[in-house]
Amino acid sequence: MAARHKDASREALARLPKLDIHELREEWRRLYKVDVSPHLSRELVIRAVAYRMQEVALGGLRLEPQRQLRQIATELKQTGGAAKRFRPQLKPGTRLMREWQGRTYEVVVLDDGFSWQGTRCNSLSAIARKITGTAWSGPLFFGLKQNRSAGRRPSQAPLPIRGMMEGNDVAG
């Protein structure tokens, strides 16, 4: 039964580009329960209908991406723009360790940011700035990315010490 449902879903998606704009609008109405804007291009209507069909069949976005999208939408409404966000693909609980001027600093990755010295921070750059007293790229400071201009890590930024915490392997 599940295989038949998958095949039906694939067939429905495959037929979308073959539908004329009136049929696509009917699909939109059926799936979204509202009329489609006449200003949307045919291509965008196809993509939105395909997305909604898959969302219905497979389930929607998880809560965290939904929260992030709402936050970006609010920011766009309020300011007309949204800040570029660096979100490393690190699991919550991962420890990032960095030695700087003879001292070892540890940052713990959270679901929604980072923890350093018992304080929650939104960005690694803010933490790097507090540690060094100067403007640093946090991902560069903690060895998560290379310095593009030099094609390598800067001499003052050695490879980070990476370990495990609560069973989470450090991504790398």
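The values are calculated or read from the model by the stated rules, or taken from the named source; none is laboratory data. Because the structure is a prediction, the values reported are computed rather than measured. Every residue, glycine among them, receives a Cβ derived from its backbone with ideal geometry; neighbour counts consider all protein chains shown.
If you go through segment 61-97 and pick out every residue that is modelled with pLDDT of 85 or more and either over 24 Å from Y32 (Cβ atoms) or part of a loop (DSSP other than H, G, I, E, B) (or both), you end up with 11. Among the residues of segment 98-115, those identified as surrounded by 10 or more Cβ atoms within 10 Å (Cβ to Cβ) and not in a loop (DSSP other than H, G, I, E, B) are R98, E99, W100, Y105, E106, V107, V108, V109, L110, G113, F114, S115.
Of all residues in segment 136-172, those satisfying the criterion of being farther than 12 Å from R98 by Cβ, within 24 Å of the chain's Cα centre (by Cα), modelled with pLDDT of 50 or more and part of a loop (DSSP other than H, G, I, E, B) are S137, K145, Q146, R148. Considering every residue within segment 60-70, establish whether at least one is touching a residue at least 60 places away in the same chain (Cβ under 8 Å), at negative phi and either touching an Asp or Glu at 6+ places or on another chain (Cβ under 6 Å) or basic (K, R) (or both). No; the residues of segment 60-70 include none that is touching a residue at least 60 places away in the same chain (Cβ under 8 Å), at negative phi and either touching an Asp or Glu at 6+ places or on another chain (Cβ under 6 Å) or basic (K, R) (or both). Of all residues in segment 125-140, exactly one satisfies the criterion of being farther than 16 Å from V108 by Cα and charged (D, E, K, R), namely R129. When segment 57-84 is filtered for residues that are surrounded by 10 or more Cβ atoms within 10 Å (Cβ to Cβ) and of a type in the set (S, T, Y), only T74 remains. Checking the structure you have, find out if any residue of segment 117-127 is part of a loop (DSSP other than H, G, I, E, B), touching a residue at least 24 places away in the same chain (Cβ under 8 Å) and in contact with a Phe, Trp or Tyr (Cβ under 9 Å, 6 or more places away or on another chain). Checking segment 117-127: at least one residue is part of a loop (DSSP other than H, G, I, E, B), touching a residue at least 24 places away in the same chain (Cβ under 8 Å) and in contact with a Phe, Trp or Tyr (Cβ under 9 Å, 6 or more places away or on another chain).
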